[in-house]
Amino acid sequence: MTKSSAIDVRGGLFTLPVLRLLSADLDELRDGLQGKCKEAPAFFANAPVVIELAALADKADQLDFVALKALVRDAGMIPVGVRDALGDLQKSRIADAGLAVMSGGESRSRPKSPEISSRPPARVIHGSVRSGQHVQVDGGDLIVLGTVNQGAEVVADGHIHIYGNLRGRARAGARGDGDACIFALSLEPEVVAIGDEYLVVETPNAALKGRAGRVRLADGCLMLEPL
Amino acid sequence: MAKIVVITSGKGGVGKTTTSAAFATGLAQAGFKTVVIDFDVGLRNLDLVMGCERRVVYDFVNVINGEAKLNQALIKDKRVNGLAVLPASQTRDKDALNKEGVRKVLDELAESFDYIVCDSPAGIEVGAQMAMYFADAAIVVTNPEVSSVRDSDRMLGILASKSRRAENNEDPIEEHLLLTRYSAARVDKGEMLSVDDVLDILNIDLLGVIPESQAVLNASNSGTPVILDEDSDAGQAYHDMVARFLGEEREHRFLTTEKKGLLRRLFGS
Ligand SMILES: Nc1ncnc2c1ncn2[C@@H]1O[C@H](COP(=O)(O)OP(=O)(O)OP(=O)(O)O)[C@@H](O)[C@H]1O
Ligand SMILES: [Mg+2]
């Protein structure tokens, strides 16, 4: 990749703890926060957090967001934004305090359906992916019940599981998920990629042939290893 | 209901036309009314291999264009009962074929034949896609070398996605592999892929292995489908392949070199 500028802008999905405010009184909030931090100090230390106002509704009009921000910082956390603000007044005061006004997102504290079902289902290919074919899965995992032959390409935002040989190209975590992996019953790929890291395999490693293996990203390096 | 079988490969010169002629003849010998169609518009080879080139008056394209009736274009084989050839045009190009026209001709043939064998041109373009589009079964002809196997893999992908069956979400096309021009001696020397190597990549039913044989060249030159040369290795291999296609179980032959065969005979095992 050529570096045409010093900064590369990319989208990323992060899971952040959400502080759900149940009171607009700063003293009560301070006590509550300190109590939480004692329960799990390591979890909250320097953790970026989002403040949620949903339970306060228009009571949040009286909140001093500058003081609230300081209070959260004192507790050792890094407040990045506030969500569920009502009306332009609340929003402008949040912005004045140097916090982001956030919208959308699903709260974990009110799970309507289990978390797992909100992920797109895995796509299953019943058979081999052949030369010239291209399979792309947006959002989820890909499962191939066959081989991925030379000249074939499979791409998934999640993991890729191949119940056969990988002889073609495979890219897992296509939207940047570096934890995604590629699994196959035999690793003899032409090209493998995870996120934006890719590896051209000119001579497949004989030691990986004919046994189950995995491709993963470790410290920014692609590793092909037997299972 | 007639069964439509396409003989296809992707790569050129691997033995599609040789196979189409032998396979169609074998089906007719087994008592099935069979027509073999030359889809290689512009080249026209099948009539030569079938030995009926002098009897071609009208062709496939004439029938599609309504310039001739199907019966005027069909050539009945003089050696085998129930076998007919629908020759290709030599003067048109592949664009003369269109789906609707091909469908009409196939529908009409289906009224009077049990099997319709389509000899596909090489490549994966319009001509080849037209030959495979309506197929119920495909015989993928492959030589034991890397580029032929790769092209067959490609063709299998197209069969699975661009056929009438795929587009209508029906059962997929039945896939069979026919390895041709197989030379056990060259496999032993490592100059050719073995049956196992090819199966490992393509992973479909193996219908047969046709050895590299002088008999094929002799047969083409005399305009006789090689399956009629009953004494030849290739002729027998084609007989086996037809029998397997019709559901019979037969062991694969011609997979090992002569030398091994001799040793086996000497030691009686
Ligand atoms: N088993 C065999 N042994 C020896 N020669 C063979 C064998 N099979 C085919 N051939 C020869 O290979 C050449 C190509 O065969 P054929 O015309 O059947 O191939 P094709 O796939 O139809 O070619 P095209 O793609 O041009 O239509 C011919 O000269 C034929 O005689
Ligand atoms: Mg041909």
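The values are calculated or read from the model by the stated rules, or taken from the named source; none is laboratory data. Quantities reported herein were computed from a predicted structural model and do not represent experimental measurements. Ideal geometry is used to build each Cβ from the backbone, glycine not excepted, and the neighbour counts take in all protein chains shown.
Restricting segment B:16-27 to residues that are of a type outside the set (S, T, Y) and within 10 Å of ligand 1 (Cβ to nearest atom) leaves a set whose member that is surrounded by the fewest Cβ atoms within 10 Å (Cβ to Cβ) is B:A22.
Out of the helices (runs of 4 or more DSSP H) lying entirely within segment B:115-231, which hold 3 or more residues that are away from ligand 1 (no atom under 16 Å from the Cβ) and under 28 Å from A:V135 (Cα atoms)? Correct list: B:146-161, B:164-167, B:195-202.
Where strands (runs of 3 or more DSSP E) sit wholly within segment A:113-200, those with at least 1 residues that are of a type in the set (G, A, S) occupy A:153-156, A:160-166, A:169-172, A:182-187, A:191-194. If you filter segment B:28-70 down to residues that are on the phi > 0 side of the Ramachandran plot and more than 12 Å from ligand 2 (Cβ to nearest atom), you find that the one that is surrounded by the fewest Cβ atoms within 10 Å (Cβ to Cβ) is B:G66.
Looking only at residues of segment A:195-221 that are more than 21 Å from A:G151 (Cβ to Cβ) and in contact with a Lys or Arg (Cβ under 9 Å, 6 or more places away or on another chain), we find that the one that is modelled with the lowest pLDDT is A:D196.
Restricting attention to segment B:18-27, and to residues there that are within 12 Å of ligand 2 (Cβ to nearest atom) and over 24 Å from B:P172 (Cα atoms), which single residue is farthest from the other protein chains (Cβ to nearest Cβ)? Ranking the candidates gives B:A21 first. Taken over segment A:8-29, residues that are assigned to a loop (DSSP other than H, G, I, E, B) and modelled with pLDDT under 85 amount to 10. Residues in segment B:95-121 that are of a type in the set (S, T, Y) and either free of Cβ contacts under 8 Å to residues at least 60 places away in the same chain or within 16 Å of ligand 2 (Cβ to nearest atom) (or both): B:S120 alone. Considering segment B:131-157, the residues that are surrounded by fewer than 23 Cβ atoms within 10 Å (Cβ to Cβ) and among the hydrophobic types (A, V, I, L, M, F, W, C) include one that is nearest to the other protein chains (Cβ to nearest Cβ), namely B:V146.
If I ask for residues that are surrounded by fewer than 24 Cβ atoms within 10 Å (Cβ to Cβ) and away from chain B (no Cβ under 14 Å), which ones from segment A:159-168 would you list? Of everything in segment A:159-168, those that are surrounded by fewer than 24 Cβ atoms within 10 Å (Cβ to Cβ) and away from chain B (no Cβ under 14 Å) turn out to be A:H159, A:H161. Scanning segment B:214-255 for residues being among the polar types (S, T, N, Q) and buried (at least 18 other Cβ atoms within 10 Å of the Cβ) gives a total of 4. Of the residues that sit in segment B:165-220 and are at positive phi and more than 21 Å from the chain's Cα centre (by Cα), which one is farthest from ligand 2 (Cβ to nearest atom)? Among residues in segment B:165-220 that are at positive phi and more than 21 Å from the chain's Cα centre (by Cα), the one farthest from ligand 2 (Cβ to nearest atom) is B:N169. Checking A:A206, A:A193, A:A180, A:A184 one by one, the residue that is without any contact (Cβ under 8 Å) to a residue 40 or more places away in the chain and more than 15 Å from A:A156 (Cβ to Cβ) is A:A206 and no other. Does B:G13 satisfy the condition of being away from chain A (no Cβ under 14 Å), among the small types (G, A, S), farther than 26 Å from B:R165 by Cα and more than 9 Å from ligand 1 (Cβ to nearest atom)? The answer is no for B:G13.
Take the residues of segment B:192-206 that are touching a residue at least 12 places away in the same chain (Cβ under 8 Å) and not hydrophobic (A, V, I, L, M, F, W, C): which is surrounded by the fewest Cβ atoms within 10 Å (Cβ to Cβ)? It comes out as B:D205.
Check segment B:98-115 and report whether any residue there is buried (at least 19 other Cβ atoms within 10 Å of the Cβ) and of a type in the set (S, T, N, Q). No: zero hits. When the residues of segment B:1-17 are filtered to those that are within 16 Å of ligand 2 (Cβ to nearest atom) and part of a loop (DSSP other than H, G, I, E, B), which remaining residue is nearest to B:I124 (Cα to Cα)? Of everything passing the filter in segment B:1-17, B:G10 is nearest to B:I124 (Cα to Cα). Taken as a whole, the condition of being more than 16 Å from ligand 2 (Cβ to nearest atom) and over 25 Å from B:F32 (Cβ atoms) applies to B:R92. I'd like to know if segment A:57-74 contains one or more residues that are under 30 Å from A:R175 (Cα atoms), outside any helix (DSSP H, G or I) and not basic (K, R). The answer is no; no qualifying residue exists. Residue count for segment A:136-153 under the criterion of being away from chain B (no Cβ under 13 Å) and either over 21 Å from A:G176 (Cβ atoms) or over 16 Å from the mean Cα position of the chain (by Cα) (or both): the result is 4.
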